[in-house]
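One structure is given here, and the rest of the page talks about it.
The values are calculated or read from the model by the stated rules, or taken from the named source; none is laboratory data. Remember, predicted model here, so these are calculated numbers, not experimental data. Neighbour counts run over all protein chains shown; Cβ positions are idealised from the backbone, glycine included. Surface areas here come from the heavy atoms of the whole protein model, side chains and all, with no ligands, DNA or RNA. Shrake-Rupley method; radii C 1.70, N 1.55, O 1.52, S 1.80 Å.
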Amino acid sequence: MPNTRASLETFLQPFSEKNEGTLDYHGLHGFLTALTICPTDLTEHERNESVFDQKVDLPAEQAKELNRLIQEVQTTIDRGFNDEEEGFSLSCEAELEDHDDDALANWCTGFMVAHFLNEDAWFISNEQEVCELLLPIMLASGLFDDEQEFKDIRKNEELVEDMCSQIPEVLMELYLVFNAPEEKKPFKPKRR
């Protein structure tokens, strides 16, 4: 997949130079991960508008190439969630040690962009669990830094590092919440 990454980075660069809201490779990977966990029906135009943070009319050849690259990344993401040996990994796995790193923040921002496209679907069932699982991603994205709860968490650097390091496990749990057959979901007794 290194060639896919390089191709996508080359593809996205001219757009990000014109509009800083365009997702970079890590942001796109986060975006596609969220769509893999909780699929949302998006047209190609809607997806592209989210990725590029604006309406974009790509020439047919470019659109075809982008679709091919995105399909490759999404297939790899889905495979990662279903591969017990290798497992899922973030596009910025190496940067997890540094919770202030732009790559992790961009990845989490891309994830949240996709989350916001169909927020209600994330909370149809298991709302409390999903909220708790999303917290580390929300924190690392930096999108909620103005909210008091996140300001308080940011005061404790050890807690922030711990939460950010849990993101891969959190993603696996989210994937299972939305994609595991009922009989395979871990049994959780109902709280009274």
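Points worth noting:
- Counting only residues that are modelled with pLDDT under 90, crowded, with 19+ Cβ neighbours inside 10 Å and closer than 12 Å to HIS26 by Cβ, the range 71-95 holds 4 of them.
- Of residues in the range 144-168 being over 18 Å from THR36 (Cβ atoms) and touching a Phe, Trp or Tyr at 6+ places or on another chain (Cβ under 9 Å), the one most open to solvent (accessible area, probe 1.4 Å): PHE144
- Pairs with Cβ under 6 Å, 6+ apart, first in the range 65-79 and closer than 17 Å to LEU90 by Cβ, second outside any helix (DSSP H, G or I): THR76/MET1
- Considering each residue of the range 117-138 in turn, at least one proves to be within 11 Å of the chain's Cα centre (by Cα), within 21 Å of GLY21 (Cα to Cα) and in a helix (DSSP H, G or I).
- Inside the range 68-78, residues that are closer than 14 Å to LEU35 by Cα and out of contact with any helix residue (DSSP H, G or I) (no Cβ under 6 Å at 6 or more places or on another chain) make up a count of 4.
- Across the range 96-126, the qualifying residues are those that are charged (D, E, K, R) and at pLDDT below 90, and the one among them that is farthest from PHE52 (Cα to Cα) is GLU97.
- Members of the range 9-68 that are open to solvent by less than 50 Å² (accessible area, probe 1.4 Å), farther than 22 Å from ALA103 by Cα and aliphatic (A, V, I, L, M): VAL56, LEU58, ALA63
- Test: residue in the range 156-174 that is in contact (Cβ under 8 Å) with a residue 12 or more places away in the chain and part of a loop (DSSP other than H, G, I, E, B): yes
- Residues in the range 31-88 that are outside any helix (DSSP H, G or I) and over 23 Å from TYR175 (Cβ atoms): THR43, ASP53, GLN54, LYS55, VAL56, ASP57, LEU58, PRO59.
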